[in-house]
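The values are calculated or read from the model by the stated rules, or taken from the named source; none is laboratory data. This structure is a prediction, so every number in the text was calculated from the model and none was measured. No Cβ is skipped: glycine too gets one built from the backbone with ideal geometry, and neighbour counts run over all protein chains shown.
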Amino acid sequence: MGTMTRLLRPAMEGARRRLRQMQDRVLPDFVIIGAQKSGTSSLYRYLTQHPQVRESSVKEVHYFDGGLEEGTDTYTFGERWYRSHFPLASEMAPGVQAYEASPLYMLHPLVAGRMAQILPRVKLVAILRDPTDRALSHYFHNVRKNAVRRCKEELGPGAAMAAEEERLAPVLARGDYGDEAFRAYSYKARGRYLEQIERYWAHFPRENLLVLRAEDLFEDPAGLMGGLCDFLGLDRTRSGEDFRPANVGSNREEVDPGVRAELEAYFAPMNQALYAALGRDFGWPA
């Protein structure tokens, strides 16, 4: 126990020091809210290279969604805890902005309202991937994580998609969004983008939310980053940035064409509604 305490002491002291300095710490100017498996890690990494931004102490703060540890609700820790993840005001030069990226913020139904209470003027960035590709990437990510997850994925991709509603029903009935099952088995739920965007529109001005297409990030990261900088009021990114993708999983797993076709049919009307609401066709099946 003594050895463990010694090992943890530096981290604990650092956390206490940040908490003491809470009043002097900034809140984020913008937040990347999702979607999971859509390039948020790459987007976050590219932004860390920009001289006019300062990232949070960890990429995914998970304040507004209550965190990933079952039995612990980080939202109850309060604004003091949230601020502890951001730079001191004295460290922020004029024009520099702070940010974080927690992809669960988009899915979690309570986050938009919570965020609006302490960040009413924050800018929001959502990056969306073809929901069929996203769901399958999510599935194979879960399979690779089976060794360390309580909610293991032991079904095939088609069966897992078909079982989603049954798996999530008890969690949603309890409103227990901290349950690992809510995160693990939300393959299709995370791809119902418009209903998630509308929750943010209900709490923030529409112009405060930028919706990006993940495929644009994959194909032309410099171009997408230029548009993002314009939205945030940052200088356009300069030559020399490292645009290698971050946190890339293997997406070469074979999937039965029938499974893909079923997912595309499921998402098609939702994609069509999304295009109508945004006034933009993302090029996904609709």
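Condition check ((1) part of a helix (DSSP H, G or I); (2) free of Cβ contacts under 8 Å to residues at least 24 places away in the same chain; (3) buried (at least 18 other Cβ atoms within 10 Å of the Cβ)) across all residues:
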{"residue": "Y139", "(1), (2), (3)": "yes, no, yes"}
{"residue": "E154", "(1), (2), (3)": "no, yes, no"}
{"residue": "A159", "(1), (2), (3)": "yes, yes, no"}
{"residue": "A162", "(1), (2), (3)": "yes, yes, no"}
{"residue": "V171", "(1), (2), (3)": "yes, yes, yes"}
{"residue": "D176", "(1), (2), (3)": "no, yes, no"}
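Being surrounded by fewer than 16 Cβ atoms within 10 Å (Cβ to Cβ) and of a type outside the set (A, V, I, L, M) is the filter here; which residues of the stretch 141-150 pass it? Working first, answer last.
Initial filter on the stretch 141-150 (surrounded by fewer than 16 Cβ atoms within 10 Å (Cβ to Cβ)): 144-150.
Of everything in the stretch 141-150, those that are surrounded by fewer than 16 Cβ atoms within 10 Å (Cβ to Cβ) and of a type outside the set (A, V, I, L, M) turn out to be R144, K145, N146, R149, R150.
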Scanning the stretch 123-144 residue by residue, those more than 28 Å from D281 (Cβ to Cβ) and in contact with an Asp or Glu (Cβ under 8 Å, 6 or more places away or on another chain) turn out to be N142, V143
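Look through the stretch 83-95, keep the residues that are closer than 23 Å to Y46 by Cβ and more than 22 Å from the chain's Cα centre (by Cα), and return whichever of them is surrounded by the fewest Cβ atoms within 10 Å (Cβ to Cβ). Steps first, answer last, please.
The first filter runs over the stretch 83-95 and keeps only residues closer than 23 Å to Y46 by Cβ, leaving 85-87, 91-95.
Narrowing further to those that are more than 22 Å from the chain's Cα centre (by Cα): 91-95.
Numbers: E91: 13, M92: 16, A93: 8, P94: 5, G95: 10.
This residue is P94.
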What are the residue pairs meeting all of these: first residue in the stretch 8-34, first residue outside any helix (DSSP H, G or I), second residue at pLDDT 70 or above and among the acidic types (D, E), Cβ atoms under 7 Å, and 6 or more apart or on different chains?
P28/E100; V31/E100
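Would you point out the residue of the stretch 139-154, among those that are in contact with a helix residue (DSSP H, G or I) (Cβ under 7 Å, 6 or more places away or on another chain) and of a type outside the set (S, T, N, Q), that is modelled with the lowest pLDDT?
My answer is R149.
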Mind counting the residues in the stretch 151-201 that are more than 19 Å from the chain's Cα centre (by Cα) and of a type in the set (A, V, I, L, M, F, W, C)?
12
Only residues in the stretch 208-223 that are more than 24 Å from P28 (Cβ to Cβ) and without any contact (Cβ under 8 Å) to a residue 60 or more places away in the chain count as the first member; pair them with residues that are part of a helix (DSSP H, G or I) and of a type outside the set (G, A, S), Cβ under 8 angstrom, at least 6 apart or cross-chain, and list the lot.
G223/D216
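Where in the stretch 179-221 are the helices (runs of 4 or more DSSP H), entirely inside, with at least 1 residues that are acidic (D, E) and over 24 Å from E154 (Cα atoms)?
On the way: elements: 180-184, 193-201, 214-219.
The qualifying helices (runs of 4 or more DSSP H) are 193-201, 214-219.
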